[in-house]
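Working notes, beginning with the structure itself.
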Amino acid sequence: MNYINDLVTILPEILLAVLILVIITVDLFISRANKWLLTPLTVGGLIVVAAALVVVWDTNESVYAGMYVVDDLSVFFKAATIVIGIISVLFAPAYLVVRRIPLGEFHMILLSALLGMFVLASSSDLITLFLGLELMTMPSYLLTGLHKTDRYSNEGGLKYFLLGSFASAIVLFGISWLYGLTGTTNISEIAASGLEGRMSGALLVALGFLIVGSTFKIAAVPFHYWTPDAYQGAPTPITGFLSVGPKLGAFALLVRVFAEALAPLRADWLGIFLVLTVLTMTIGNVVALTQVNVKRMLAYSSIAHTGYIMVGLAAFANTDDQAVAAQGIESVLFYVLGYAIMNIAAFAVVGMLQRDTRRFGGLNSFAGLGSRSPARAAAMGVLMLSLTGIPPTVGFFAKLYVLLAAVDAGLAWLAVILVLNAAMAAFYYLRVVVYMYMRDPEDEPAPIDTSPFGTVALALSVAGVVILGLFPGAVLSLIEVSAASLF
Amino acid sequence: MDLLIALIPALPLVGFLFAVLVGARLDRVPLHGHGDDHHADEPHADADHGDGHDAHDVDDSAFRSVPSEEEQRATSPHAGHADDLANAEGADGVIPADMSDGLGQAGHVAPGAERPRYRSWIVPTALVGLMWAFSMVVFANVIFGHNEYEVTIYEWIASGDFRIEISFLVDALTAMLLLVVSTVGFLVHIYSIGYMDGDRGFWRFFAYLNLFMFSMLLLILGDNFLMLYVGWEAVGFCSYALIGFWYKKPSAAGAAKKAFIVNRVGDLGFGLGIMMIWVNLGTLQFGEVFERIGTLDEGTITIIALLLFAGAVGKSAQFPLHVWLPDAMEGPTPVSALIHAATMVNAGVYLVARANPIFIESPAAMWTVAIIGVFTAIFAAAIALTQNDIKKVLAYSTVSQLAYMFFALGIGAWVAAIFHLVSHGFFKGLLFMGSGSVIHGAGGEQDMRYMGNLRAKMRWTYVTMVIGSLALAGIPIFSGFFSKDEILAEAFNRGYLLFYAVGTVVAFMTAFYTFRMIFMTFWGEWRGPKAVWDHIHESAPTMVAPLAILAVPTVLAGLVLGIPPEEGVIHTWLEDVFHEAEEAHAGVLPGSYLDGYIQKGEAHHFEIFGLGGLLLLVGAAVATAGVLLAYRWYVQRPGSAERFVDRIPLGFGPGMYEASVNKYYVDDIYQLVWARGGVLLSNALWWFDAKVIDGTVNGAGWLASTVGAGLRKVQTGRVENYGLGIAAGLVLVLLVLATVVR
């Protein structure tokens, strides 16, 4: 009886796994000309998974002997994962086909990464957590190097793999120390094991390794070295996915480990976390300022966004007031969702201008886009405004919410740093808008990809960015419920 | 009614979306329509306008002798006008060469090429027109029907305690602003059809204008500080985009950046002020904030009020953040009229007026507002005295007039401030559009030293501008007379005699520089090149009509709203809004000699044969004296001004003149301290990054490769450095943890 109940609880995961198998099988049997069918098939499958998520909403059950938990927090992360998956799947094919990157592998690997994110979000045990982490990152390495004939893609993939493995090892090492100290790998048991006030050298090591490993995964400074190379090398729409998917997963990990397992120790990890947050925001922005390649600029700016999201976690850690702490987590969730939509779409527009395979996403590709393709330029304009944080877009609200959490938690100085950083970011985001509307097109303007899937995905993303900015209420109330499952 | 109010900001938004998505397709502007692309080949086409006057005559012949001009003129009925525009903005380098391709191309279209076509204005302008009609209905309902509307569209943000509604509040104060914003906005749209004709960015211009209208309406209609802030930032962005509309012209791009950055300084304060309100009161809704503000201690209220005021100082260009507004004149003139005279710059005044329950709780803040106002008024007027650029004169006059409003707000003369805001909105919009017409007519010339006698050729512009100037100068029966004198009378009645004296001196200066402008522009002899004189003609009807329309409220607003002085009908209208503010303190601040003596109700009443009449007489006399002095110095005896400067004792004259011309060096000081300092700082940081950080990374890499040279079997390149970096970071984290955590 229990067994069947457990199976129903993890229905979304099961469906996702089945979808992966279906994709592999179908890919074997359809001709090259029909490969495009994989995209609607995947999207359809993901929608089914989303429907299953609705079924398990409000379940809040721990299954498989406490290894796995389906609480609303995990369901929210999974829903965001599905959104990321659908947008990424729609954006990528046009770019991949031009470069003869096999579509079947792409879909299958991407779905595997999504499954990893599912597991990560639901782990209530450090072992499951690590499993999910690996299941998420391994496909990410593959995706980075998916363009096999491209030197940069290979280089990026390899670097990502080597350094990512290194970081995984660090995380695992931290986990083992934690196990040694508490005798358990279960997250809630660790939280209840009374670590607070018993600071020791061993706990210090565990904490240090976990911080370094997990901040590597979210690409926080100074553990961000891999990001620009991996992001630059990966096929552009995949970069979009990499900049949000694994990041979402890594934030799920951060929430599970730091906001749940190590929540009692938050006074101890807060200090170093604040330092990393400030560094991440500032250095990400400063370097992004100097980039003339939009793809690389977005790569660096994604580091800055990581910093903004970390502010929410810092707010969680800096307060004893439960309501304020919940607000911190909520701001993280909302930011991650909004950021995911706008960033994937922004990368995708860069990809759309790389139909000519010799284009690398330079600013010049955007020159005169306002007259060449008004709708796409307007879409990119909205995305840039949103990334800058200008109302009425989701980006504005995401930042505002993080700011509010920080101020409420007594971190006003951090909020000020965030605002200053956002002002700095306006420069390089709006520069793209300037190029689109105020420069004449190049003599040989970059051809624009106009495939229907990409167009639909772009329209959906922009609609999402604006609607979430104008009517965040509905999503926020879901987020409130989700965050409540932590407390 | 609710729907009507919701539609008011929605219509320009639709217009904006329309212009962005469809506008580009409605206009047909050949990218390189003419073969003789003479602008692009001329090296001096980009020469800076300001200091190019020595070579003025030489330049003229080069760019005005378009080869087949007469022939082109004959081919197109439109050509004459378009060609003038080419002179106006394109040919002499106001617009950089490659942007002016579209300008005047009616005369330059290659044979067989399609005629240019401009249709992108239709929908945006029509929507704004509809918006104007709705605004008037709302205005009438609020003012004459004594209604007040609160319209909640939906709950925008609802999370935890932080609840913000998208809702509109239309009370008498909003209605007054609505009147100015929508009327001037609509007229500027019409004016722009003529003014921007021939510009390649035609649709872009209308898109921005509509976006601006939307943002400005959001700003004045919003029912909470967050919506106000959103509109505030959005108008700031539009202002940036429109100042830099001719973005290829370095001075315009620079001015846009300057406006944006200077405004950011103020906005930072405004943002912090809003945060403080939220933190202390837990709400941002106007009504609730004003209700609860009294529960805070005075220190906190003062900080909040001063932070809000910092935003107002930035947006309304008050000292010390006034530097952006004169530079903003680099934008197209309709923009100057709309944003930098009649609407956006009023936002600061609106903010202080709206937040009056906060300000009255803090005498310190009120004093700050008043002192900044009085100082800026005389400071800006002293600069305007010597400016030669017609738009710069108006720009400094705007700063000075806005300062009057702050001065009024600071002494608690709320209604007088709003009265002046309304009348100033109309007459300054008129003056700016008139100056655009003059610039247009005078072949792109903005320097009044190269103008003169234009009244002979531009009758409508002349008459309307004189009406506007009479209002600005404060000559009786014109609107500016009533509104300005009301401010001065209030200052006198409330016992701020020093402020009154300074204000009166400023009124004299205002009358002087206004008519200096009129006389230099429209009277005397034409001092520009002969070739230009022959081309001067009245502007297109779309440009003249708004001038004529605006002349009506310029004449009547004062008579309708301001009689009897100090108790005019506008006082009745705005009574509800400022009722409590005037009740609570009777408008008397500590420091006034009347402090403690005067009570509400005992306040003095206007008597034509009493003190009030005397004050009016003084005001009228001062204004007339200013006009007469200008007449004597610039019409009767040209050159008197120079002689006067030389005659100032102790040889201070030339120095004072220089200082005024150079805007009292404020810009130079800022340039030195902030801009240069910023560059130095960033250089230092760059050095730090390049040498220390990169050095460390490289050093670490070098260390790694040196140490590991013997052991390494596989060359992994930089990955190894990265790995080492992570390891080093790990060690660092552990060390920090070990030292910090206990």
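Would you please give the FRET efficiency between A:Ser188 and A:Ala474, computed as 1/(1 + (r/R0)^6) with r the Cβ-Cβ distance and R0 = 35 Å, to the nearest 0.05? The pair A:Ser188/A:Ala474 has a calculated efficiency of 0.70. Surface composition of chain A: carbon plus sulfur atoms contribute 69% of the solvent-accessible area (1.4 Å probe, protein chains only, all chains present).
Projecting the Cα atoms of B:Trp367, B:Asn263, B:Phe427 onto the charge dipole of the protein assembly as shown, computed from C-beta unit charges around the Cα centre, puts B:Asn263 farthest toward the positive end. Just going by the charge dipole of the protein assembly as shown, with Lys and Arg at +1 and Asp and Glu at -1 on Cβ, which of A:Gln291, B:Phe134, B:Leu306 is farthest out on the positive end? The Cα lying farthest towards the positive end belongs to A:Gln291.
Write out the trypsin sites (Lys or Arg not before Pro) in region A:294-367 meeting two conditions: DSSP loop, and at most 12 other Cβ atoms within 10 Å of their Cβ.
A:Arg358
Here the Kirkwood formula puts the hydrodynamic radius of the protein assembly as shown at 32.6 Å, using every distinct Cα pair.
Modelled spin labels at B:Glu148 and B:Arg637, positioned 7 Å past Cα toward Cβ, are 5.8 nm from each other. Of the residues making up region B:239-271, those losing 20 Å² or more of accessible area when the isolated chain is joined by the remaining protein chains, with a 1.4 Å probe, are B:Tyr247, B:Lys248, B:Leu268. Once backbone amide H atoms are built at 1.01 Å from N, B:Asp389 has B:Met448 as its partners under 5 Å, excluding neighbours fewer than 5 places away on the same chain.
Nothing charged except the Cβ atoms of Lys and Arg (+1) and of Asp and Glu (-1): what's the magnitude of the dipole of the protein assembly as shown about its Cα centre? Round to the nearest 20 debye.
2620 debye
Over the protein assembly as shown, accessible surface divided per residue gives 35 Å², non-protein components excluded, 1.4 Å probe. Net length available on complete extension from A:Ala169 to A:Ala423 is 87.7 nm, with 0.36 nm assigned per residue and the Cα-Cα distance removed. Per residue of peptide A:359-371, the mean number of Cβ atoms on other chains within 10 Å of the residue Cβ is 1. Compared with the dominant Cα axis of chain A, that is its longest principal axis, helix A:103-122 is turned about 30°.
Compute the long axis of helix A:126-144 from its Cα atoms, compare it with the longest principal axis of the Cα atoms of chain A, and write down the angle in degrees, 0 to 90, nearest 10. Taking Cα atoms only, the helix is inclined about 10 degrees.
For chain A, a crude dipole built from +1 on the beta carbon of Lys and Arg and -1 on the beta carbon of Asp and Glu, taken about the Cα centre, is about 1540 debye to the nearest 20.
Solvent-accessible surface of protein heavy atoms, probed at 1.4 angstrom with all chains present, puts A:His224, B:His189 in the order A:His224, B:His189, largest first.
Couplings for region B:214-230, taken from phi via the Karplus curve 6.51 cos²θ - 1.76 cosθ + 1.60 with θ = phi - 60°, read 4, 5, 5, 5, 4, 4, 7, 8, x, 9, 8, 5, 5, 5, 4, 5, 4 Hz in order; Gly and Pro are left as x. Remark: for residue pairs A:Lys78/A:Lys399; B:Lys258/B:Lys428; B:Lys457/B:Lys663; B:Lys248/B:Lys530; A:Lys217/A:Lys295, the C-alpha separation exceeds 25 Å in B:Lys457/B:Lys663; B:Lys248/B:Lys530. Residues of region B:119-163 that bury at least 30 Å² of accessible area when the other protein chains are present, relative to the chain alone (probe 1.4 Å, heavy atoms, ligands and nucleic acids excluded): B:Tyr154, B:Trp156, B:Ile157, B:Ala158, B:Ser159, B:Phe162.
Counting only protein heavy atoms and using a 1.4 Å probe, the accessible area of B:Trp203 comes to about 30 Å².
Annotation: amide H-H contacts under 5 Å for A:Val63 (H modelled 1.01 Å from N, sequence separation of 5 or more, or interchain): A:Tyr68, A:Val69, A:Val70.
Interface area, chains B and A: about 4000 Å² of buried accessible surface, summed, with a 1.4 Å probe and ligands, DNA and RNA left out.
Here's how it looks for B:Ile153: its modeled amide H is under 5 Å from those of B:Ile166, B:Ser167, B:Phe168, which are all 5 or more places away or on a different chain. Against the criterion of solvent-accessible heavy-atom surface with a 1.4 angstrom probe, A:Leu11, A:Leu274 sort, most first, into A:Leu11, A:Leu274. Residues of region A:248-290 whose accessible area (probe 1.4 Å, heavy atoms of protein chains only) drops by at least 30 Å² once all protein chains are present, relative to their chain alone: A:Asp268, A:Ile272.
With each label modelled as a point 7 angstrom along the Cα→C-beta vector, the B:Lys530-B:Leu628 pair spans 4.0 nm. Taking all protein chains as they are arranged and a probe of 1.4 Å, the heavy atoms of B:Lys530 leave approximately 130 Å² accessible to solvent.
Each label was represented as a point 7 Å from its Cα along the Cα-to-Cβ direction; for A:Leu460 and B:Ala684 these points are 5.1 nm apart. Among the protein heavy atoms, those of A:Phe453 account for about 60 Å² of accessible surface (1.4 Å probe, every chain in place). Surface composition of region B:154-303: carbon plus sulfur atoms contribute 62% of the solvent-accessible area (1.4 Å probe, protein chains only, all chains present).
Do me a favour and compute the ellipsoid semi-axes for region A:2-484 from its Cα gyration tensor, root of five times each eigenvalue, largest one first, whole Å.
Its equivalent ellipsoid spans semi-axes of 34, 26, 20 Å.
The values are calculated or read from the model by the stated rules, or taken from the named source; none is laboratory data. Only a predicted model underlies this, so the values are computations on that prediction, with no experimental measurement involved. All Cβ positions, glycine included, derive from the backbone under ideal geometry; neighbour counts span all protein chains shown. Please note that ligands, DNA and RNA were not included when accessible areas were found on the heavy atoms of the full protein model with its side chains. Shrake-Rupley method; radii C 1.70, N 1.55, O 1.52, S 1.80 Å.
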